[in-house]
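Here's the structure we're looking at; comments come further down.
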Amino acid sequence: MRAGLYAWVSTDEEATLSLQSNALLASVAARGWTAICQIEDISSEAEEHPERAALMKLARGGALDVVVVWRLDRWGSSLADLVQTLQDLNALGVGFVSLFEPLDLTAPSGRAMSEMLVVLGEFERQTRRARVKAGISRARRQGRPHGRPPTAARQSAEVRRLASQEMNPSEIARRLGIGRTSVRRILAGKS
C-alpha cells in the first residue's frame, strides 16, 4: 500500500517531531507499505494544519492508499474536523491509521469505529447548534442585542448630515468606513 505519513507539532513541541516521524516510518516498514510522502506540520495553534492540505490533495489525486498518523489529535483540530476529514478519505477509498489509539480504518473493526466517530461528530454539531439557539433565545427574552452589531445604523445621523451637504453615498461610505449599501439604506429610510 502507498502511505502518506503526517506529523503535527505545536511550535513549543518541535522536539517531539522526530519521535512521531520515526514511529510512522517504523510502522509503515513493519506493514510492508511504501511511504510515498512524509509531511510535517509545525504551527502555533492546534486548529492550524497548513501542510495537511497537501496530503489531502495527494489523496484526492489517487496517489495514496492510506494516511498514517501518530495520534488522532495530531490529525484533527476538533471532533468535527476529524470526522469530516475521515469521511473525505473514506469517500476517496483512502484508509486511515492512527498508531497511538490504535485505529486502523483499513480493517473492519476500524471502519466500525469510523461510523461511531461520525455519530459523535454529528452529536457535537447538534449540541453546538442547540447551545447557540438557546443563547440567542435567552438574549431576545432579556431584550439584549445579539448577532452582528449594527455599526452603520449607529452613524445614521452623520450619514444624513453628510448627505445634506451634497456628498454622494460612495464618499459618505469612505469617510465613515461603512458600506455603500448601508449608506443607501439609511438614506432610503430603511435603517
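The values are calculated or read from the model by the stated rules, or taken from the named source; none is laboratory data. Keep in mind that this is a model prediction, so the values were computed, not measured. All Cβ positions, even for glycine, are placed from backbone atoms using ideal geometry, and neighbour counts span all protein chains on display.
Scan the stretch 57-77 for residues that are at pLDDT 90 or above and touching a Ser or Thr at 6+ places or on another chain (Cβ under 7 Å) and the total you get is 3. When the stretch 32-55 is filtered for residues that are touching a strand residue (DSSP E or B) at 6+ places or on another chain (Cβ under 8 Å) and part of a helix (DSSP H, G or I), the ones remaining, listed by number, are R52, A54, L55.
Rundown of residues vs (1) surrounded by 20 or more Cβ atoms within 10 Å (Cβ to Cβ); (2) touching a residue at least 40 places away in the same chain (Cβ under 8 Å); (3) part of a helix (DSSP H, G or I); (4) touching a Lys or Arg at 6+ places or on another chain (Cβ under 9 Å), yes/no style:
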site: L24; (1), (2), (3), (4): yes, yes, yes, no
site: K57; (1), (2), (3), (4): no, no, yes, no
site: S77; (1), (2), (3), (4): no, no, no, no
site: A80; (1), (2), (3), (4): no, yes, yes, yes
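Within the stretch 86-125, the set of residues being under 15 Å from D65 (Cα atoms) and either hydroxyl-bearing (S, T, Y) or surrounded by 19 or more Cβ atoms within 10 Å (Cβ to Cβ) (or both) comprises L86, L89, V94, G95, F96, V97, S98, D104, L105, T106. For H49, the conditions (1) modelled with pLDDT under 90; (2) within 26 Å of Q20 (Cβ to Cβ); (3) surrounded by fewer than 16 Cβ atoms within 10 Å (Cβ to Cβ) are fulfilled apart from (3). No other residue among D104, D73, D65 is in contact (Cβ under 8 Å) with a residue 12 or more places away in the chain and either hydrophobic (A, V, I, L, M, F, W, C) or under 15 Å from G4 (Cα atoms) (or both) apart from D65. Going by the structure shown, is A3 touching a Phe, Trp or Tyr at 6+ places or on another chain (Cβ under 7 Å) and either under 21 Å from A107 (Cα atoms) or not assigned by TED's automatic domain parsing to the domain that holds A107 (or both)? Against the criterion (touching a Phe, Trp or Tyr at 6+ places or on another chain (Cβ under 7 Å) and either under 21 Å from A107 (Cα atoms) or not assigned by TED's automatic domain parsing to the domain that holds A107 (or both)), A3 qualifies.
Test R2 against the stated conditions and say whether it is touching an Asp or Glu at 6+ places or on another chain (Cβ under 6 Å) and either of a type in the set (K, R) or at pLDDT 90 or above (or both). Against the criterion (touching an Asp or Glu at 6+ places or on another chain (Cβ under 6 Å) and either of a type in the set (K, R) or at pLDDT 90 or above (or both)), R2 qualifies.
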